[in-house]
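Here the structure is laid out as structure tokens; the discussion comes afterwards.
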Amino acid sequence: MSEIKNIAVLTSGGDAPGMNAAIRAVIRAGIYHGINMYGVRRGYSGLVTGEIIPMDAKSVANIIQRGGTILKTARCDEFRTVEGRKKAYENIKKLNIQALVVIGGDGTFTGADKFIQEFDIPIIGIPGTIDNDLAGTDFTIGYDTAINTVVDAVDKIRDTAESHDRLFVIEVMGRDSGLIALRSGISTGAEAVLIPELTVDYHAIMTRLDKSRANKSSRIVIVAEGDNEGGLVVGEKIKENFPHYDVRVSILGHIQRGGKPSCMDRVLASRLGVAAVEGLLEGRRGEMAGIIAGEIAFTPFSKAIKHINEVNTNLTRIVEILSL
Ligand code: ATP
């Protein structure tokens with residue numbers, strides 16, 4: 001029988017579609033198991049300032065389909081300091097909160113790991129980030145929705161590119177990871193994809209662009225924002241080297257973070273929310289709940305936050321083969 005009677009949940013770092021579905025799952029799973037549930041507003045900032053509210057089954061009604069996060073999210077510098085984390089601990093102690101579920105990315109889990117070591121509070125993490133850059137889960141919550149948003153936008157750009165015989169450079173999100181760029185590139189038939197994990201070989205890319213079918217009307221080059229140069233510079237370089245192309249640059253920006261979560265993200269968030277609460281009640285702590293090959297898996301924070309810098313060469317090869 002678990003000692004835990006009160007659990008709080010928060011969302012932290014960059015927002016991702018499906019965070020609401022995860023909050024809903026955590027709150028309802030807790031209530032199902034007889035736990036008093038709390039929500040912390042604005043991520044770790046709310047822990048430090050004491051913005052912690054009781055939540056019931058009704059307070060998460062009608063949110064599974066909503067983008068963003070009803071609890072709001074924030075980046076909190078104070079939590080990076082021992083004094084900040086001490087304030088956070090005192091606030092949760094006042095309410096007798098005995099465990100936390102944190103929904104976020106690698107920064108969120110790094111902070112959680114320190115908090116556990118200093119104050120011995122059980123915490124389970126749920127991967128909520130559009131970047132899909134955490135180890136210990138095949139997919140993070142928000143990634144599927146974000147790539148579908150990118151695909152929808154690129155399809156629309158392809159229509160106008162095709163009508164005007166243009167080459168579009170499209171910058172997508174991914175500071176350290178090219179996974180949004182790679183998958184969306186494959187599914188939109190992009191001619192080239194530039195990602196931060198690989199050094200750009202301009203010569204090879206440009207030769208390929210020029211050599212690819214002469215009668216192509218449009219060309220799409222997808223660039224992850226973390227690529228050394230970004231979309232604008234890549235656009236300039238292509239213009240300099242290929243004056244015969246009519247080049248345009250489009251930066252998709254924050255639309256990639258918003259919108260209704262896809263079915264896949266809602267199911268993922270629901271499964272991980274339940275797993276996180278049940279994990280805490282079974283005595284787990286300091287781990288991220290994820291799904292590997294269809295099954296729930298728990299991975300220590302220290303392993304989950306290791307960036308996956310290995311490029312999936314199967315995917316880069318597919319872009320090259322299919323862009324003839
Ligand atoms: P995303 O991947 O979407 O950006 P994230 O969780 O990595 O999400 P960050 O802004 O890196 O987002 O981290 C969220 C918060 O976690 C930070 O604002 C800070 O409060 C806390 N945090 C991050 N790194 C540390 C650290 N080294 N020590 C303590 N707290 C940290």
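The values are calculated or read from the model by the stated rules, or taken from the named source; none is laboratory data. Worth saying up front: this structure is predicted, and the values here are computed from it rather than measured. Cβ sites come from the backbone with ideal geometry, for glycine too, and all protein chains shown count toward neighbours. Heads up: the accessible areas ignore ligands, DNA and RNA and are worked out on the full protein's heavy atoms, side chains in. Shrake-Rupley method; radii C 1.70, N 1.55, O 1.52, S 1.80 Å.
Below are the figures for this structure:
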{"quantity": "Failed item in (1) more than 23 Å from the chain's Cα centre (by Cα); (2) open to solvent by 20 Å² or more (accessible area, probe 1.4 Å); (3) within 9 Å of the ligand (Cβ to nearest atom), with Arg85 passing the rest", "calculated": "(2)"}
{"quantity": "Close pairs (6 angstrom Cβ cut-off, 6 or more residues apart or separate chains): over 28 Å from Leu179 (Cα atoms) in region 111-129, part of a loop (DSSP other than H, G, I, E, B) anywhere", "calculated": "Ile116/Gly286; Pro122/Arg285"}
{"quantity": "Residue count for region 92-131, restricted to those that are more than 10 Å from the ligand (Cβ to nearest atom), of a type outside the set (Val, Ile, Thr) and in contact with an Asp or Glu (Cβ under 9 Å, 6 or more places away or on another chain)", "calculated": "1"}
{"quantity": "Verdict on Thr137 being in contact with a Gly (Cβ under 7 Å, 6 or more places away or on another chain) and either open to solvent by 40 Å² or more (accessible area, probe 1.4 Å) or away from the ligand (no atom under 11 Å from the Cβ) (or both)", "calculated": "yes"}
{"quantity": "Tally, over region 259-276, of residues that are among the charged types (D, E, K, R), surrounded by fewer than 24 Cβ atoms within 10 Å (Cβ to Cβ) and assigned to a helix (DSSP H, G or I)", "calculated": "2"}
{"quantity": "Counted residues, region 194-224 - those being in contact (Cβ under 8 Å) with a residue 60 or more places away in the chain and open to solvent by less than 30 Å² (accessible area, probe 1.4 Å)", "calculated": "5"}
{"quantity": "Residue that is farthest from the ligand (Cβ to nearest atom) [pool: residues in region 38-65 that are among the charged types (D, E, K, R) and in contact (Cβ under 8 Å) with a residue 24 or more places away in the chain]", "calculated": "Asp56"}
{"quantity": "Residues located in region 1-19, provided they are within 16 Å of the ligand (Cβ to nearest atom) and in a loop (DSSP other than H, G, I, E, B)", "calculated": "Ser12, Gly13, Gly14, Asp15, Ala16, Pro17, Gly18"}
{"quantity": "Residue count for region 274-311, restricted to those that are closer than 26 Å to Glu118 by Cβ and at pLDDT 95 or above", "calculated": "23"}
{"quantity": "Test: residue in region 125-142 that is in contact with a strand residue (DSSP E or B) (Cβ under 8 Å, 6 or more places away or on another chain) and in a helix (DSSP H, G or I)", "calculated": "no"}
